[in-house]
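Undergrad: Input: one structure, supplied below.
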Amino acid sequence: MSAADPVLRCNDRVTLRAPQPSDAHALAKHANDREIWINLRDRMPHPYSLADANEWLRSIQHEDPRVTFMIDLDGEAIGGIGLVLGSDIERCSAEVGYWVGAEHWGYGIATAAVSRICRYAFEDLDVLRVFATPIAWNPASARVLEKAGFQLEGTMRSACIKDGKVMNMLLYAKVRE
């Protein structure tokens, strides 16, 4: 983590911070879960090993600007959240992706993290629109987005293949005020 990396406080217990090499064990512990993998892009391997965690941590250590964060609960990395900044005519947009370890589901952590990273995107990265595309079989992610102020813009039919199934994806977005 460099001095330039922001630490984004979500609430008294949750922060978004730059990933660190010391997060590898917590990452491997929380990410090695089929219930998490089934709702993420295939670039997240399953099973998820310590070697996968270390490789990923190396790959994002020099981001500028910082767009990938660990979701930290009381000093432990329990999930991840990040932005993919748009380019060319979509340079005003960013896609958000996130996950939280299953033992921490249902406590509002993902909603707090999504809300905070949107504020960062709007205020610090000059993004006008943040969007997400959860797989339609994941209503929990849709609820997170709705609680964070996102609006459903539509259904993208037959938009992805996950676990060998062709699935619809939902398009949610939040626009800077």
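Read-outs: derived from the displayed coordinates by stated rules, not from any lab. Since we're looking at a predicted model, the values are computed, not measured. All Cβ positions, glycine included, derive from the backbone under ideal geometry; neighbour counts span all protein chains shown.
Undergrad: Students often forget the sequence filter, so: which aspartates and glutamates lie under 13 Å Cα-Cα from LYS174 once same-chain residues fewer than 8 apart are removed?
TA: GLU95, GLU146, GLU153
Undergrad: While we're here: To make sure I understand, if each residue's beta carbon is the centre and we count other beta carbons within 10 Å, what order do SER115, SER158 fall in, fewest to most?
TA: SER158, SER115
Undergrad: Under 29 Å between alpha carbons, and skipping anything fewer than 8 positions from LYS29 in its own chain: which lysines qualify?
TA: LYS147, LYS162, LYS165
Undergrad: So for ASP88, ASP52, ASP163, fewest C-beta neighbours within 10 Å to most, what's the order?
TA: ASP88, ASP163, ASP52
Undergrad: Counting alpha carbon pairs within less than 8 Å and at least 6 residues apart, what relative contact order, in whole percent, applies to the range 8-128?
TA: Computed value for the range 8-128: 28 percent relative contact order.
Undergrad: Helix-derived [θ] at 222 nm for the chain: sum -39500 (n - 2.57) over DSSP H runs of at least 4, divide by residue count, nearest 500?
TA: -7500 deg cm²/dmol
Undergrad: Shifting gears a bit: Gain in length, ARG58 to GLN20, computed as 0.36 nm per residue apart minus the alpha-carbon separation, to one decimal in nm?
TA: Extra length available between ARG58 and GLN20 comes to 12.8 nm.
Undergrad: Given the peptides 19-28, 5-14, arrange them by the average over their residues of other C-beta atoms within 10 Å, most packed first.
TA: Ranking, from highest mean packing down: 19-28, 5-14.
Undergrad: Pick from ALA142, ALA113, ALA51: which residue has the top mean-square fluctuation in a GNM of the chain where Cα pairs under 10 Å get a spring?
TA: Judging by the Gaussian network model, the answer is ALA51.
Undergrad: For the chain, what is the largest minus smallest coordinate of the Cα atoms on each principal axis, given in angstrom and ordered from greatest to least?
TA: 40, 38, 33
Undergrad: Now, a different point. Got a sec? Charge dipole of the chain, +1 on Cβ for Lys and Arg, -1 for Asp and Glu; which of SER49, MET70, ASN32 is way out at the positive end?
TA: The one lying farthest along the dipole's positive direction is ASN32.
Undergrad: Oh, and also: List the trypsin sites (Lys or Arg not before Pro) in the range 33-67 that DSSP assigns to loop (not H, G, I, E or B) and whose Cβ has at most 16 other Cβ atoms within 10 Å. Which are they?
TA: ARG41, ARG43
Undergrad: What does the convex hull of the alpha-carbon atoms of the range 66-109 project to on average, in nm²?
TA: In nm², the orientation-averaged hull projection of the range 66-109 is 3.7.
Undergrad: Given H placed on each backbone N at 1.01 Å, which residues far from MET156 in sequence or on other chains put an amide H within less than 5 Å of it?
TA: Answer set, sorted by chain and number: MET169, LEU170, LEU171.
Undergrad: Apply the Karplus parameterisation 6.51 cos²θ - 1.76 cosθ + 1.60, with θ equal to phi minus 60°, to every residue of the range 11-19 and state each ³J(HN,Hα) to the nearest whole Hz, in sequence, with x for glycine and proline.
TA: These are the phi-based 3J(HN,Hα) values: 7, 4, 10, 10, 10, 10, 9, 4, x Hz.
Undergrad: How many times 2.2 N^0.38 Å is the alpha carbon radius of gyration of the range 6-111?
TA: Dividing the Cα Rg of the range 6-111 by 2.2 N^0.38 Å gives 1.05.
Undergrad: Using a Gaussian network model on the chain with a 10 Å cutoff between Cα atoms, which of VAL144, VAL127, VAL166 fluctuates the most?
TA: Looking only at VAL144, VAL127, VAL166, the largest GNM fluctuation is found for VAL166.
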